[in-house]
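The structure appears below as structure tokens.
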Amino acid sequence: MKPEESISPFKALGNRVLALLDNYRDNSRKAQGKVLQNTDAALLAQTLNVEHWIRNGGLDHDKIEAFLTPYLEASQHLHHPGFIGHQVATPHTGAAMADLIHGAINNPMAVYEMGPSATVIERVVVNWMLEKAGWFTADNLSDFSYDKNNGAGVLTHGGSLANLTALLAARAAAAPNAWKQGTPDNLALITPTVTHYSMARAASIAGLGQNAIIPAPVNDLDVLQAKHLEATYNQATDAGKNVFMVSLNACATATGLYDPIDEVADFCAAHDLWLHVDGAHGASALLSDRDRACMKGISRADSLTWDAHKMLRTSALCAAILFKNPQSLADAFSQEGSYIFYDDNAAGFDIGRTTVECTKAALGTKLFWVLAMDGEKELGRFVEKQYSDTHGFYKLITAQPDFDCPCAPQSNILCFRYLPLANNDAQMALRTEIVRRGNFYITTAVVNTTRYLRLSVMNPLTTKATITALLDEVRDCARVLS
Ligand SMILES: Cc1ncc(COP(=O)(O)O)c(C=O)c1O
């Protein structure tokens with residue numbers, strides 16, 4: 001191997017960074033060290049010497065270790081089996097490679113000519129996702145023609161922007177003049193109160209306001225009850241609301257439970273309402289022959305949000321908003337930016353026409369790399385494994401007399417509670433102490449007024465042994481707290 005001095009600074013630095021990252025991943029995967037160190041912010045800024053580097057520069061392959069080692073140590077360790085916290089993927093090697101390539105070549109993609117390869121990959125990946133939803137029937141995924149059998153979609157920096165895009169498209173269908181004249185003040189949408197807050201934000205951003213959100217009827221576990229939708233709808237209409245959309249969760253962020261898409265589709269069809277499915281987390285079940293049933297009825301929806309950075313193993317961010325009708329995507333943003341979109345006869349297509357964003361990263365390449373390395377079947381097996389492992393953890397936890405769960409999991413999200421300290425504040429205190437110790441990273445969620453500890457089983461290396469150790473840690477934290 002050449003000495004580092006004789007190779008380019010890019011490669012010399014890159015080699016060191018890769019070696020340090022490899023070591024970090026390896027140690028994390030072996031559960032060596034903490035998941036999270038909980039370092040004080042001011043102390044961390046000092047340890048990392050952030051101001052020194054900003055003022056003076058000089059970070060190179062010789063000095064990188066002094067910076068990157070404490071940087072990685074203080075970071076959240078998603079490769080560690082004890083990372084069972086937020087719904088963020090333990091990143092796949094392929095996604096890391098895509099990020100590296102994008103960082104090196106920087107091909108943002110508002111217009112085709114600024115990123116031809118990445119644009120083509122995004123369109124093929126979107127067609128693949130459309131196919132899984134039943135909205136793409138062309139012979140091959142590189143068919144870029146829009147016709148009534150092929151839906152349309154775009155990748156966004158996150159499910160929140162995807163939800164906003166869906167709302168704008170639904171608004172355009174209900175109130176075609178809204179883009180120009182503003183949002184009519186009686187438009188309303190029905191959605192469970194536990195719907196991810198990005199939908200409530202989208203309602204205000206789109207000019208509907210929070211009063212436009214009508215809580216959907218739900219059961220004790222916050223799952224939408226389609227049979228009561230009619231009453232909710234009639235009550236809203238009697239009060240002068242123009243209900244145009246139902247948005248449901250597949251699955252819900254807190255519990256991981258799926259709303260019944262098929263039943264809600266019947267209701268929406270009867271009233272000519274837009275059906276949006278927020279599948280940011282759970283749409284990946286579409287890849288599994290076994291778990292696809294959770295998404296039954298998806299082809300009858302109008303739009304679907306699907307995050308690849310949750311269950312499809314990409315780094316953040318890589319989300320999709322998909323539409324059954326290709327016109328819906330075009331209608332969401334009926335704004336001409338003639339200085340950018342000047343050439344309708346160009347070789348490709350300008351994705352910037354159909355996103356909130358202008359300049360955007362080569363998001364599709366992340367998912368492409370994961371698929372290109374493992375193939376779609378393997379990715380489906382990954383989703384299935386996470387779902388069935390979580391079911392195994394549920395059985396393990398409910399077999400303990402001092403723990404309970406509010407329900408059996410339908411996905412890889414699982415809520416549970418330590419019974420000897422079964423009040424909301426105590427569960428919160430337990431979570432704080434567990435995270436402070438740093439051996440596990442978990443979250444909490446409120447289900448129907450009761451607070452639970454919450455696991456998102458994102459890491460394939462999290463096993464029954466991990467969960468058994470976690471339960472012991474909970475008991476020990478409880479002993480110290482009481
Ligand atoms: C159901 C659901 N929708 C939307 C989002 C927001 O997605 P993002 O964080 O990619 O913006 C989340 C995030 O957890 C979610 O669980």
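Among residues other than ASN211 with Cβ under 13 Å from its Cβ, the summed charge is 0 (Lys and Arg +1, Asp and Glu -1). Protection proxy ranking, highest mean first, for peptides 423-431, 41-49: 423-431, 41-49, where packing is the per-residue count of other beta-carbon atoms within 10 Å, averaged. Take the Cα of HIS86, step 7 Å toward its Cβ, do the same at ALA269, and the gap between the two points is 3.9 nm.
Please list, or write none, the lysines whose alpha carbon is within less than 20 Å of the alpha carbon of LYS464, excluding same-chain residues fewer than 8 places away. Straight-distance partners of LYS464: LYS30, LYS34, LYS385, LYS395.
Where does the charge balance sit around LEU224 when Lys and Arg score +1, Asp and Glu -1, over other residues with C-beta under 11 Å from its C-beta?
Values: positive: LYS227; negative: ASP222, ASP259, GLU263.
My count for the surroundings of LEU224 gives -2.
For the stretch 199-301, which trypsin sites (Lys or Arg not before Pro) are in a loop by DSSP, counting at most 16 other Cβ atoms within 10 Å?
Values: sites: ARG201, LYS227, LYS241, ARG290, ARG292, LYS296, ARG300; in loops: LYS241, ARG290, LYS296.
Taking the stretch 199-301 and a limit of 16 other Cβ atoms within 10 Å, the loop trypsin sites (Lys or Arg not before Pro) found are ARG290, LYS296.
Kindly flag which residue pairs out of LYS148/LYS310; LYS310/LYS377; LYS296/LYS377; LYS132/LYS324 have an alpha-carbon separation exceeding 23 Å in this structure. Distance filter (> 23 Å) returns LYS148/LYS310.
As an exercise, identify the chymotrypsin sites (Phe, Trp or Tyr not before Pro) in the stretch 258-341 lying in DSSP coil whose Cβ has no more than 13 other Cβ atoms within 10 Å.
On the way: sites: TYR258, PHE267, TRP274, TRP306, PHE323, PHE333, TYR339, PHE341; in loops: TYR258, PHE333, TYR339, PHE341.
Here the chymotrypsin sites (Phe, Trp or Tyr not before Pro) that fit, given the DSSP loop and packing criteria, are TYR339.
First measure r as the distance between the Cβ atoms of SER8 and TYR71, then evaluate 1/(1 + (r/R0)^6) with R0 = 30 Å and state the FRET efficiency to the nearest 0.05.
On the way: r = 23 Å, r/R0 = 0.78.
With R0 = 30 Å, the Cβ-Cβ based efficiency is 0.80.
Shown for VAL246, VAL125: other C-beta atoms within 10 Å of each C-beta, ranked fewest to most, produce the order VAL125, VAL246. Taking every full run of DSSP H in the chain, the ones that stretch at least 24 Å from end to end by Cα along their long axis and average -0.5 or higher on the Kyte-Doolittle scale are 116-133, 464-481. Each of ALA239 and ASP26 was given a label point 7 Å from its Cα along the Cα-to-Cβ line. The distance between the two points is 6.1 nm. The orientation-averaged shadow of the Cα convex hull for the stretch 377-481, equal to a quarter of the hull surface, comes to 6.4 nm².
Here each label is just a point 7 Å from Cα along the line to Cβ, and for SER388 and GLN181 those points are 5.6 nm apart. Share of pairwise Cα-Cα distances greater than 28 Å in the stretch 1-151 is 45 percent (whole percent).
What share of Cα pairs, in percent, lie more than 42 angstrom apart in the chain? Mind dumping the intermediate values first?
Values: 25121 of 115921 pairs.
That tail contains 22 percent of the Cα-Cα pairs.
Working ranking of peptides 13-19, 71-77 by packing, defined as the average number of other Cβ atoms within 10 Å per residue, highest first, is 71-77, 13-19. Listed by chain and number, the lysines whose C-alpha is less than 23 Å from the C-alpha of LYS180, apart from same-chain residues fewer than 8 away, are LYS241. When the square roots of the Cα gyration tensor eigenvalues are ordered a ≥ b ≥ c, the ratio a/c for the stretch 4-77 is 1.5 or more and a/b does not exceed b/c, which makes its shape oblate.
The numbers here are math on the coordinates, done by the rules we state, and not lab data. Bear in mind that the values here come from a model prediction, so they are computed numbers and not experimental data. All Cβ positions, even for glycine, are placed from backbone atoms using ideal geometry, and neighbour counts span all protein chains on display.
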